[in-house]
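Chemist: Take this structure first; my questions come after.
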Amino acid sequence: MQFLIFLSLDQPIFAKQIKKVPKLLYIDTTGEIALIGLSIQGQIIAQVKNEQTQNHAGFVQTSIQNICTTHSFDLAELDAIVVTLGPGSYTGMRVGLASAKGIAYALDKPLIGLSSLALLARAGKKQINNTTGSYRIFSMIDARRMEVFGALYNQEELALTEEKAIILDIAYLNSVLQDGPIYCLGSGASKTLELVQNENWKMLDIQYSVEEMHELALIKWDKQDFEDLAYVGPTYIKEVYTIPSKQAK
């Protein structure tokens with residue numbers, strides 16, 4: 001009798017599925033600092049970084065192998081691979097995505113793609129001590145000269161604009177400031193210092209880490225928001241320009 005009463009409470013026992021916490025491998029080579037990490041049961045058990053930009057390709061495979069050896073982990077145990085799609089370095093984006101797609105394809109695992117600008121916004125929000133009013137976050141990645149790849153986010157990290165290439169000038173920055181306080185961050189943020197002097201324009205010197213990748217990846221995992229391996233590509237924003245060979249006729 002007690003057993004029957006138990007089953008009648010709330011929903012049937014078998015209708016409640018236990019939420020799976022995935023084992024995830026993280027790869028990010030879009031910026032000057034490359035990141036590799038591994039999380040198991042919701043805990044980041046390993047994360048390493050490389051600041052030698054020209055060596056990101058060699059760093060990725062070596063670091064993955066070292067992490068697996070150190071933690072006696074077999075990549076076949078992964079539930080998904082997480083990769084930063086960009087925007088960022090053209091070469092870096094291709095390096096990271098190629099490695100991530102190769103592993104995902106070989107192991108038949110889903111691929112979770114993340115935005116470097118959204119990761120910056122997540123890292124920035126953690127450092128912003130503003131509980132008295134609304135604000136926006138301006139994630140910027142250096143795109144040479146006075147250009148950046150950027151996007152605006154509200155204080156809930158929701159994108160207010162699309163990710164795009166932006167030419168920084170006084171008129172543009174002043175127009176952005178009309179809507180209230182902005183926290184500017186990322187590798188392109190320092191370019192704004194000589195253009196705008198306003199108490200509502202605040203600078204943050206931060207970088208995102210595997211921790212932010214982990215947090216955003218879990219959100220996508222819960223939604224089963226995976227990339228199509230056949231079609232996913234780097235977030236270039238702009239077309240890649242290559243100088244024609246002198247031998248070309």
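Chemist: Of all residues in segment 202-217, count the ones that are outside any helix (DSSP H, G or I) and surrounded by fewer than 20 Cβ atoms within 10 Å (Cβ to Cβ).
Modeler: Step one: list which residues in segment 202-217 are outside any helix (DSSP H, G or I), which gives 202-209.
In the following step, the residues that additionally are surrounded by fewer than 20 Cβ atoms within 10 Å (Cβ to Cβ) were identified as 202-207, 209.
The qualifying residues number 7.
Chemist: Output the number of the condition that T91 fails; it satisfies all remaining conditions of (1) assigned to a loop (DSSP other than H, G, I, E, B); (2) at pLDDT below 95.
Modeler: Condition not satisfied by T91: (1).
Chemist: Looking at G133 and the list (1) in the same structural domain as N200 (by TED's automatic domain parsing); (2) in contact with a Leu (Cβ under 8 Å, 6 or more places away or on another chain); (3) in a loop (DSSP other than H, G, I, E, B), which single condition is not satisfied?
Modeler: Only one criterion in (1) in the same structural domain as N200 (by TED's automatic domain parsing); (2) in contact with a Leu (Cβ under 8 Å, 6 or more places away or on another chain); (3) in a loop (DSSP other than H, G, I, E, B) is unmet by G133, namely (2).
Chemist: Restricting attention to segment 171-198, and to residues there that are buried (at least 20 other Cβ atoms within 10 Å of the Cβ) and in contact with a Ser or Thr (Cβ under 7 Å, 6 or more places away or on another chain), which single residue is nearest to S116 (Cα to Cα)?
Modeler: Across segment 171-198, the extreme among qualifying residues is G186.
Chemist: If you take the residues in segment 104-130 that are more than 21 Å from the chain's Cα centre (by Cα) and assigned by TED's automatic domain parsing to the domain that holds T192, which one is surrounded by the fewest Cβ atoms within 10 Å (Cβ to Cβ)?
Modeler: Looking at residues that are more than 21 Å from the chain's Cα centre (by Cα) and assigned by TED's automatic domain parsing to the domain that holds T192, I get N129.
Chemist: Identify all residues within segment 37-52 that are of a type in the set (S, T, N, Q) and surrounded by fewer than 15 Cβ atoms within 10 Å (Cβ to Cβ); write none if there are none. Even if it seems obvious, please write down each step before you answer.
Modeler: Step one: list which residues in segment 37-52 are of a type in the set (S, T, N, Q), which gives 39, 41, 43, 47, 50, 52.
Within segment 37-52, Q41, Q43, Q52 meet the criteria.
The values are calculated or read from the model by the stated rules, or taken from the named source; none is laboratory data. Just so we're clear, the structure is a prediction, and the values are computed from it rather than from any experiment. When we count neighbours, we look across all protein chains shown, and the Cβ atoms used for this are built from the backbone with ideal geometry, even at glycine.
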